[in-house]
Amino acid sequence: MESKDYLKNISEIKDLMNKSSRFISLSGLSGIMAGIYALIGGAIAYWLVDNSGNDYLILDGRIFTLAMLDLFLIAFLSIITGIYLTTKKAKRNGVKIWDNTSKRLVINFIIPLLAGGLYILIILGQGKYGHTGGLMLIFYGLALINASKYSIGNIRYLGFTEIILGLIAALLPGYGFWLWILGFGVAHIIYGTWMHFKYDKN
C-alpha cells in the first residue's frame, strides 16, 4: 500500500513539474481559426494574381502591395484570435496567462520568426520571389520547434511538418503557393482539431 502511494506521489510531483515548466493554455481552436484565415487569405491572393494579367508578383506593383496586406491581415487575425482564445481558456482553468513559461515560449518563438521575416524581405528586395513560400514554412516550422519545449500539444510535430513542406517547396518552387496553403491552412486545421479534442475538451 505504501509503495503504491509512493509511486502515486512521484507521478503527481512529476505532473506538477511538467505543468509548471510548460504553457498549458494554448487553444486548439486558435489553430483551426489560423488555418481558416490562411485558406481565405490564400484564395484572395490567388484571385489577385490570377486577375492581374501576370503569373508573378512585381515588388513595387499594386498587386504585390495588396498581397502583402493580405498576408499581414492573416497574421494579425491569427495572433488576435490566438491571444483571445488562449486567454479565455486560461481564465476558465484558473491559470496565469503571462508568467515566466509563457514569456520563454514567446521569446523562443519570435526569434526564428523575426530572423526568417528579415531574410525573406532581403531576398524579395533582390527580386527572388520563387522560394518565399518555402522559406516562410521553414522558418515558421523552426519557430514552432524552438518554442515547443515550453508548451504542450506536441507542436514540434506541426513544426516538422512545416519544415518538410518548406523543403519540398524549395525543390518544387512552382508549387510553393499550394504547399504554403497546405502548411499554413490545412495543417493548422488538422493540428488544431486534434489539439482541441485532446486538450481543450478535458
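The values are calculated or read from the model by the stated rules, or taken from the named source; none is laboratory data. Because the structure is predicted, anything quoted here is derived from the model rather than measured. With ideal geometry, Cβ positions are generated from the backbone for all residues, glycine too; neighbour counts draw on all protein chains shown. What goes into the accessible areas is simple: the full protein's heavy atoms, side chains included, and nothing from ligands, DNA or RNA. Shrake-Rupley method; radii C 1.70, N 1.55, O 1.52, S 1.80 Å.
Looking at (1) open to solvent by less than 50 Å² (accessible area, probe 1.4 Å); (2) assigned to a loop (DSSP other than H, G, I, E, B), which is the one condition that is false for Lys128? Lys128 satisfies every listed condition except (1).
In region 158-178 there is at least one residue matching the filter, namely being within 13 Å of Gly42 (Cα to Cα) and either touching a residue at least 40 places away in the same chain (Cβ under 8 Å) or outside any helix (DSSP H, G or I) (or both).
What residue, among those in region 133-184 that are at pLDDT below 90 and β-branched (Val, Ile, Thr), is surrounded by the most Cβ atoms within 10 Å (Cβ to Cβ)? Ranking the candidates gives Ile155 first. Pairs linking a residue in region 75-93 that is over 22 Å from Leu137 (Cβ atoms) to a residue that is modelled with pLDDT of 90 or more and not charged (D, E, K, R), with Cβ atoms under 8 Å and 6 or more positions apart or on different chains, are Leu85/Met33.
Against the list (1) hydrophobic (A, V, I, L, M, F, W, C); (2) at pLDDT below 80; (3) touching a helix residue (DSSP H, G or I) at 6+ places or on another chain (Cβ under 8 Å), the condition Ala90 fails is (3). Exactly one residue among Ile36, Ile111 is at pLDDT 85 or above, open to solvent by 70 Å² or more (accessible area, probe 1.4 Å) and outside any loop (DSSP other than H, G, I, E, B), and that residue is Ile111. When residues in region 82-95 are screened for being of a type outside the set (Gly, Ala, Ser) and surrounded by fewer than 13 Cβ atoms within 10 Å (Cβ to Cβ), 3 of them pass.
Residue-level check: of (1) of a type in the set (A, V, I, L, M, F, W, C); (2) open to solvent by less than 50 Å² (accessible area, probe 1.4 Å); (3) more than 14 Å from Ser30 (Cβ to Cβ); (4) touching a residue at least 40 places away in the same chain (Cβ under 8 Å), Phe197 misses just (2).
Do we have any residue at all in region 70-79 that's more than 14 Å from the chain's Cα centre (by Cα), farther than 24 Å from Gly35 by Cα and surrounded by 12 or more Cβ atoms within 10 Å (Cβ to Cβ)? No: zero hits.
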